[in-house]
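The values are calculated or read from the model by the stated rules, or taken from the named source; none is laboratory data. These figures come from a predicted structure and were not determined experimentally. Cβ placement follows ideal geometry from the backbone for every residue including glycine, while neighbour counts extend to all protein chains displayed. Please note that ligands, DNA and RNA were not included when accessible areas were found on the heavy atoms of the full protein model with its side chains. Shrake-Rupley method; radii C 1.70, N 1.55, O 1.52, S 1.80 Å.
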Amino acid sequence: MRVGNLSGRLTLFTEEGAVDAEKASGGRFGADPQAVYEVWDDFAVWAADADLTGAVPFDPADLGAPTPAPAQVFAIGLNYAEHAAESKVDVPDRFPPVFTKFRTALSGPVTTVALPAGGTTDWEVELVVVVGRRAERVSAEDAWSHVAGLTVGQDLSERTGQLSGPAPQFSFAKSHPGFAPLGPWVVTPDEFTDPDDLELGCSVDGETVQHGRTSDLLFGVPALIEGLSRVTPLLPGDIVFTGTPSGVGMGRDPQRFLRPGEVLTSHVTGIGELRQTFVSAG
Ligand code: ZN
């Protein structure tokens, strides 16, 4: 199943187009794309047998963040060995760094993003997990049953602010407006042959800059849910940015950052694509 947010309304997506969930369910499920995760099990059962023949074409520019207002946004740092190496830090041993992207940074999949002053905004394509069931002290073995689905995310990062000063400012410098595009929709785990081995990558103006597989995550989705939920209960509709593979601009020689006019395209195979166009903040 593919479910998301079209013009602010909970929507199912098929090969033919979009189906409004409130209308197709005769009002059983509301239009709020965030609230569905509170009743996720019921929704999934209904959607499996729902009549989706009334799908209509849509404009991808009308897609919003599939989870527009999660109670919590978790983000994971240094979760691929080659990215830790290009960042010139050790790989995490017990658990990777955890930070947040503040909720106002979330956006839909096709956007224009204003670059902050300083010229050091960088890309980080990531697999994003959407929680479908409250998870508190969940074991890795039981973790996938708490996942509603997977989506694509960009952890856009303003590096100067992130790394200056006496302590790193991961959450703050990664939360400028539009710095957390998500989408194009949430795909349920049953749609993948192996949800622990997905191909992902991104390109700038058509040139591939990141390419990896989630099977290379140091802490995969089950280990992340186990570790996060040991400390912090995960709530339905929460999201987890799982970390980025190597190839970020900061780790290049010479370093390279996003410039006005450039287009960043990010994908996870089997889910879809994000497209960000950058402009000067002016
Ligand atoms: Zn990241």
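Which of the following residues is part of a strand (DSSP E or B) and within 20 Å of G64 (Cβ to Cβ): G237, G212, G153, G201?
When all the criteria are applied, what remains is G153.
Within region 137-164, restricting attention to residues that are farther than 16 Å from A223 by Cβ and more than 15 Å from the ligand (Cβ to nearest atom), which residue is modelled with the lowest pLDDT?
So, considering only residues that are farther than 16 Å from A223 by Cβ and more than 15 Å from the ligand (Cβ to nearest atom), the one modelled with the lowest pLDDT is S164.
Looking only at region 76-125, count how many residues are small (G, A, S) and within 19 Å of L274 (Cβ to Cβ).
Adding up the residues that qualify gives 4.
Of all residues in region 225-239, how many are open to solvent by 20 Å² or more (accessible area, probe 1.4 Å) and within 16 Å of the ligand (Cβ to nearest atom)?
Matching residues across region 225-239 total 0.
State all residues of region 240-282 that are in contact with a Phe, Trp or Tyr (Cβ under 8 Å, 6 or more places away or on another chain), among the aliphatic types (A, V, I, L, M), in a strand (DSSP E or B) and crowded, with 20+ Cβ neighbours inside 10 Å; if no residue qualifies, say none.
Result: V240, L264.
Which one of the conditions (1) assigned to a loop (DSSP other than H, G, I, E, B); (2) in contact (Cβ under 8 Å) with a residue 60 or more places away in the chain; (3) farther than 21 Å from F278 by Cβ does P168 fail to meet, given that it meets all the rest?
In the conditions (1) assigned to a loop (DSSP other than H, G, I, E, B); (2) in contact (Cβ under 8 Å) with a residue 60 or more places away in the chain; (3) farther than 21 Å from F278 by Cβ, P168 misses (2) alone.
Only one of (1) over 21 Å from G212 (Cβ atoms); (2) part of a loop (DSSP other than H, G, I, E, B); (3) aliphatic (A, V, I, L, M) fails for L78. Which number is that?
(1)
I'm trying to understand the selection: among the residues of region 81-136, which are in a loop (DSSP other than H, G, I, E, B), closer than 23 Å to P233 by Cβ and either within 16 Å of the ligand (Cβ to nearest atom) or not assigned by TED's automatic domain parsing to the domain that holds F192 (or both)?
P92, F95, P96, P97, T100, K101, F102
Considering region 37-74 alone, what residues qualify as being within 13 Å of S25 (Cβ to Cβ), in a loop (DSSP other than H, G, I, E, B) and open to solvent by less than 30 Å² (accessible area, probe 1.4 Å)?
A50
Could you please find all residues in region 1-36 being assigned to a loop (DSSP other than H, G, I, E, B) and farther than 21 Å from E273 by Cα?
S25, G26, G27, R28, F29, G30, A31, D32
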